[in-house]
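Let me begin by presenting the structure, written as structure tokens, before commenting on it.
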Amino acid sequence: MNKYFGGYLVLSAVFLLIFLLVIAPPFLDKYGRENLLGLDYLVFSGYCHQLDYRSLHLWGVKLAVCARCTGVYLGFLIGTLAYPFFRKLDSGEKPPVWLIAVAVFPMVLDGGTQLIGLRESNNMLRLFTGLLFGACIAPYLVFTMSRLVEEVAVKFRRSD
């Protein structure tokens, strides 16, 4: 088995858990778990503005984060799961730098043109630009975190 697979699995599990928490509010509301619903919103309140009109809703209930952040977290998950199909986990080659431009430019363009008043964005565009950002940044996270987890594991094995 690849020595970086453990780190990859940890990162995949973390992004899956985060995304499940993002989409949890409608399910928590549907099953009468208001106490957990409030906690879920609170967990993400430090990371996202959670404005109602900039958020996606399911069954009339707002997701835990705005549309763009939903896209980012979904992009992280998709990009992480797709990584092994495009590059070996043990490849010593870092992801290409141009991916950062692909990730950032559409989001900056969308947010920037709205900020200066040229136009108003919409939630589908926010979702898409966030998704693109998350999917393009994920390879850097996989590359870095899988190596970090392996380094920590090696140190623990040596200390035994």
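For this structure, a couple of remarks:
- Residue list for segment 32-56, restricted to those being within 18 Å of Tyr73 (Cβ to Cβ) and of a type in the set (Gly, Ala, Ser): Ser45, Gly46, Ser55
- Selection within segment 112-147 - without any contact (Cβ under 8 Å) to a residue 12 or more places away in the chain and loosely packed, with under 14 Cβ neighbours inside 10 Å: Gly112, Thr113, Leu115, Ile116, Gly117, Leu118, Arg119, Glu120, Asn122
- Every listed requirement among (1) free of Cβ contacts under 8 Å to residues at least 60 places away in the same chain; (2) in a helix (DSSP H, G or I); (3) surrounded by 13 or more Cβ atoms within 10 Å (Cβ to Cβ) is met by Ala13 save one, (3).
- The listed residue being farther than 30 Å from Asn2 by Cα and either over 17 Å from the mean Cα position of the chain (by Cα) or basic (Lys, Arg) (or both), out of Leu125, Leu109: Leu109
- Scan of segment 16-38 for residues that are within 18 Å of Ala67 (Cβ to Cβ) and touching a residue at least 12 places away in the same chain (Cβ under 8 Å), ordered by number: Ile18, Phe19, Leu21, Val22, Ile23, Ala24, Pro25, Pro26
- Boolean, Tyr41 is crowded, with 17+ Cβ neighbours inside 10 Å, in contact (Cβ under 8 Å) with a residue 24 or more places away in the chain and of a type outside the set (A, V, I, L, M): no
- The residue list Ala103, Ala82 contains one member that is at pLDDT 95 or above, under 16 Å from Ile137 (Cα atoms) and not basic (Lys, Arg), which is Ala82.
- Only a single item in (1) surrounded by 16 or more Cβ atoms within 10 Å (Cβ to Cβ); (2) assigned to a helix (DSSP H, G or I); (3) modelled with pLDDT of 90 or more is not met by Glu150, and it is number (3).
- Whichever residue in segment 96-141 is outside any helix (DSSP H, G or I) and of a type in the set (D, E, K, R) and, among such residues, is farthest from Val65 (Cα to Cα): Arg119
- The number of residues in segment 19-73 that are among the charged types (D, E, K, R) and within 17 Å of Leu127 (Cβ to Cβ) comes to 4.
The values are calculated or read from the model by the stated rules, or taken from the named source; none is laboratory data. This structure is a prediction, so every number in the text was calculated from the model and none was measured. Here the Cβ is made from the backbone with ideal geometry for all residues, glycine too, and neighbour counts use every protein chain on show.
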